[in-house]
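The values are calculated or read from the model by the stated rules, or taken from the named source; none is laboratory data. For clarity, every value in this text was computed on a predicted model and none was experimentally measured. Quick reminder, even Gly has a Cβ in these numbers, built from the backbone with ideal geometry, and neighbours come from all protein chains shown. Surface accessibility is based on the protein's heavy atoms, side chains included, excluding ligands, DNA and RNA. Shrake-Rupley method; radii C 1.70, N 1.55, O 1.52, S 1.80 Å.
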Amino acid sequence: MLGGLVTLTKTFKNSCEHWSEKYVEEMHNFYKLANLDYAKLANSLNWADVFGRIRGKLGTESLELLDVACGSGMFPTALQCVLSEKEKRATINYSLLDPSKFAINETKKKLISPFRLSKEFNTRLQDFNCVHVFHISWAIHALYAVPKNELKVSLEKFYSSFKEIGFIAHACSDAHYIKFYNLYIRDCHNGALPAFCSAEDIMKIFDFLGIKYDVQYIEYINTAEYHDNLTVEAYLQRCLFDDTIKLSDMREYDLIGNYLDSCSSTGKWLFPQKVALIELKKCFG
């Protein structure tokens, strides 16, 4: 039991360490590919309509929103690109939750109209004591490193944080993010590290809790030029939260190497993704 707890703590520490000043260059290289994740989500739903319908129901121009595990603010940045100038004039008070203070500070730099910085919660979701209920909460590519034995309480905390509607965007079990990490823990850690949570894990818990949801699947491919080793290596290292393994080393492993060969067989790097956009409604009509 103690060994399992140590392993889970190491996984969490690895993920938090990569949300730090030390890994800024790696993070920027990661987003050269992963920026597409957020652009696809920003265009997958009429977010202005979501905001507008809640405003109309409540009779207010100001909304309260919680961004769970906010990362570096890529999703509000992507939304700012698709909202009209009129839509940007209606205020959304934007609260941030993340165990990394660095991540909170990075997101704060990127908040522009209609998003206005509100509250900050420097904590894990599973430790969050919600004293403020938001109109909207979302967790965008946010819950991968949550230990599976803490996922239920984390999702209960998430569900309790909003009054109207919540969104979770998360990779499915056959997406690159999940598959690649599974191969890594088998090849490099003899299966001793816990797997990332998948969208299926999340939906299974909502089913168990009797919480209804709608789901939309978004499929796309993160791409890079074959010879752009710096970007690809940084992208793959951040997928694993492990900067000690070089791209050349990855290709020498049996499972990871075969997988990477399949991702580069066309002369370009192609990392296929399948993301579930899970929508949870309460009083929202």
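Quick notes
- Looking at segment 177-285, the helices (runs of 4 or more DSSP H) lying wholly inside it that each contain 2 or more residues that are free of Cβ contacts under 8 Å to residues at least 24 places away in the same chain and under 30 Å from residue 162 (Cβ atoms) sit at 199-209.
- Filtering 123, 107, 91 for residues that are within 26 Å of residue 52 (Cα to Cα) and surrounded by fewer than 19 Cβ atoms within 10 Å (Cβ to Cβ) leaves a single hit, 91.
- Among the candidates 261, 243, 254, residue that is at pLDDT 95 or above, open to solvent by 20 Å² or more (accessible area, probe 1.4 Å) and over 18 Å from residue 174 (Cα atoms): 254
- Test set (1) among the aliphatic types (A, V, I, L, M); (2) farther than 23 Å from residue 150 by Cα; (3) surrounded by fewer than 20 Cβ atoms within 10 Å (Cβ to Cβ) - residue 185 fails condition number: (2)
- The residue list 115, 75 contains one member that is in contact with a helix residue (DSSP H, G or I) (Cβ under 6 Å, 6 or more places away or on another chain), crowded, with 22+ Cβ neighbours inside 10 Å, closer than 14 Å to residue 142 by Cβ and of a type in the set (Phe, Trp, Tyr), which is 75.
- Within segment 161-182, being open to solvent by 30 Å² or more (accessible area, probe 1.4 Å) and among the polar types (S, T, N, Q) holds for 173, 182.
- Filter result (of a type outside the set (D, E, K, R) and open to solvent by less than 50 Å² (accessible area, probe 1.4 Å)) within segment 54-72: 54, 60, 62, 63, 65, 66, 68, 69, 70, 71, 72
- Output for segment 130-149, where each listed residue is at pLDDT 95 or above and not in a loop (DSSP other than H, G, I, E, B): 134, 135, 136, 137, 138, 139, 140
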